[in-house]
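Structure record follows, encoded as structure tokens.
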């Protein structure tokens, strides 16, 4: 049962007495000719209170209020099901390809006109031949070109330390650091500090 429309003046127990006795009661709308009961009705957590005669526009507002009341919050698993699937891209595997999720990648590296997807020390060759192709494939990921040959996913950075004057190194996995160019150091620091990528 989704909702109860309940009169107040009835033979035997009145509507409020009935409501007080019902355990785990669904939402209730009182329908009555007696406006004096309104305050008590809302004290009993009635969703609405309709006065007789009930007109169409007032009933419409009541039904909308019920719809809003009956829409329950989604569980974490239901929310997850509504999210778009994770971004993926193909990596070479023997004669074929398998798909890797972008969220697993710490950075991309260009070497000999091949782009490698990296998870810390592990590297996987992709179909791309330029880092600009990676940026075009994932324009909303916030990657940073920290060197001409390195494209960092700042959300994967676990730590930062200064090196030579004006440069930093970023820790992306245990014992794995990348050096950021002098030109990109301020922007990289800011992205990591503020969490904006």
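Each value in this text was obtained by applying a stated rule to the coordinates, not by laboratory testing. Bear in mind that the values here come from a model prediction, so they are computed numbers and not experimental data. Backbone-built Cβ (ideal geometry, glycine too); neighbour counts: all protein chains shown.
Placing pseudo-labels 7 Å out from each Cα toward the beta carbon at residue 87 and residue 167 gives an inter-label distance of 2.8 nm. Residue separation of residue 64 and residue 33 scaled by 0.36 nm, minus their Cα-Cα distance, works out to 9.0 nm of gained length. With 5 Å bins beginning at zero, the pair-distance distribution over Cα atoms of segment 82-197 amounts to 2, 11, 22, 24, 20, 12, 6, 2, 1, 0 %.
Averaging sequence separations of C-alpha pairs under 8 Å and six or more residues apart, then dividing by the length of segment 82-194, give the relative contact order as a whole percent. Once normalised by length, the contact order is 17 percent.
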